[in-house]
Amino acid sequence: VLQGYAAEMDNPLMAHLIPPELQNKKDILFGNMEEIYHFHNRIFLRELETYVEYPELVGRCFLDQMEDFQIYEKYCQNKPRSESLWRQFSDSVFFQECQRKLDHKLSLDSYLLKPVQRITKYQLLLKEMLKYSKNCEGAEDLQEALTSILGILKAVNDSMHQIAITGYDGNLNELGKLLMQGSFNVWTDHKKGHTKVKDLARFKPMQRHLFLHEKAVLFCKKREENGEGYEKAPSYSYKHSLNMAAVGITENVKGDAKKFEIWYNAREEVYIVQAPTPEVKATWVNEIRKVLT
């Protein structure tokens, strides 16, 4: 892909086949695929090869390189832009010509999906290895490697949702790390509100997608998906946010193990949040508690 497509975009002999709007868009189309390729080719593959005789010790390879695996996050974040560009120009003569020369059965987009599939496959491979390495040396490393890869997958998944937020004025990066994101039923109970409004608010929940950052929690409304592929990815319109410095939580709400409260400015605003399951609630309450303490 790098030699037969990406390099060809810079080949003067192919220039006449490239639509003008596609020129200089190589970085968008291929993201940091080259970086991923070099990491595997020069570093990771060589490390793996040193353990050919001792597969149970392979966990160490992953742990030593865990920081490098974050290059996948960058690749996945760019993927929606890459896909939308591909859709505009997929039938261009340039791509057809490259595919013909390479004698590929599949078009470029199938190969651009490979890194996304690869990072998800690692956790399956590690799980499988763990199954057969229960009591041997290296099992702890394998377990730790699995946990770390799952952490990277969660970060990739969270960031894919985060880049779909629309209508937020500030810079999301200033809110600190994104810790959790998910969909909830939310009821509001505002001190300042008119009593009628307050009573109404108790019954009909709003569907809100929450993004918990280190410095703020964002409430967004999920807009429904349409289209295909990454176009199907939902988008979230920003509604409001609460600064974590002024937030408090009540962990248990009478009568429902899935509900907790997030309140603001000494209970001036109260949000009753209902998680899909008690487990999800527990994870969120834990994370919020960590931020608050």
(request) Filter segment 35-61 down to residues that are surrounded by 14 or more Cβ atoms within 10 Å (Cβ to Cβ) and part of a loop (DSSP other than H, G, I, E, B) and give me whichever is nearest to the chain's Cα centre (by Cα). (result) Val58
(message) Can you confirm whether Gly4 is open to solvent by less than 30 Å² (accessible area, probe 1.4 Å), touching an Asp or Glu at 6+ places or on another chain (Cβ under 7 Å), over 16 Å from Val116 (Cβ atoms) and in contact (Cβ under 8 Å) with a residue 60 or more places away in the chain?
(response) no
(request) Only residues that are open to solvent by 50 Å² or more (accessible area, probe 1.4 Å) and part of a helix (DSSP H, G or I): list them for segment 80-104, please. (result) Arg81, Arg87, Gln88, Val93, Gln96, Arg100, Lys101, Leu102
(message) For segment 1-46, give me the residue count where each residue is of a type in the set (Gly, Ala, Ser) and either over 30 Å from Cys61 (Cβ atoms) or out of contact with any helix residue (DSSP H, G or I) (no Cβ under 6 Å at 6 or more places or on another chain) (or both).
(response) 2
(request) Go through segment 105-137 and count every residue that is in contact (Cβ under 8 Å) with a residue 40 or more places away in the chain and open to solvent by less than 100 Å² (accessible area, probe 1.4 Å). (result) 11
(request) Please verify whether segment 40-63 includes one or more residues that are basic (Lys, Arg) and either on the phi > 0 side of the Ramachandran plot or free of Cβ contacts under 8 Å to residues at least 24 places away in the same chain (or both). (result) yes
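Name the single residue, out of those in segment 105-154 being of a type in the set (Phe, Trp, Tyr) and in a helix (DSSP H, G or I), that is modelled with the lowest pLDDT.
Tyr122
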(message) Take Gln77 and tell me if it is open to solvent by 20 Å² or more (accessible area, probe 1.4 Å), in a helix (DSSP H, G or I) and modelled with pLDDT of 95 or more.
(response) no
(message) Suppose the filter is in the same structural domain as Asn24 (by the TED database), of a type in the set (A, V, I, L, M) and at pLDDT 90 or above; does Leu63 pass it?
(response) yes
(request) Scan (1) open to solvent by 50 Å² or more (accessible area, probe 1.4 Å); (2) β-branched (Val, Ile, Thr); (3) under 15 Å from Leu112 (Cβ atoms) for the single condition Ile28 breaks and write down its number. (result) (1)
(request) Mind listing whichever residues of segment 62-74 are part of a loop (DSSP other than H, G, I, E, B) and over 19 Å from Leu124 (Cβ atoms)? (result) Glu67
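Kindly indicate which of Leu85, Leu102 is modelled with pLDDT under 95 and aliphatic (A, V, I, L, M).
Sole residue among the options that is modelled with pLDDT under 95 and aliphatic (A, V, I, L, M): Leu85.
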(message) Residue under question is Met9, and the condition is that it be open to solvent by less than 90 Å² (accessible area, probe 1.4 Å), in the same structural domain as Ile149 (by the TED database) and more than 25 Å from the chain's Cα centre (by Cα); does it hold?
(response) yes
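The values are calculated or read from the model by the stated rules, or taken from the named source; none is laboratory data. Nothing here was measured: the structure is a model prediction, and the numbers come from that model. Cβ sites come from the backbone with ideal geometry, for glycine too, and all protein chains shown count toward neighbours. Heavy atoms of the whole protein, side chains included, go into the accessibility calculation; ligands, DNA and RNA do not. Shrake-Rupley method; radii C 1.70, N 1.55, O 1.52, S 1.80 Å.
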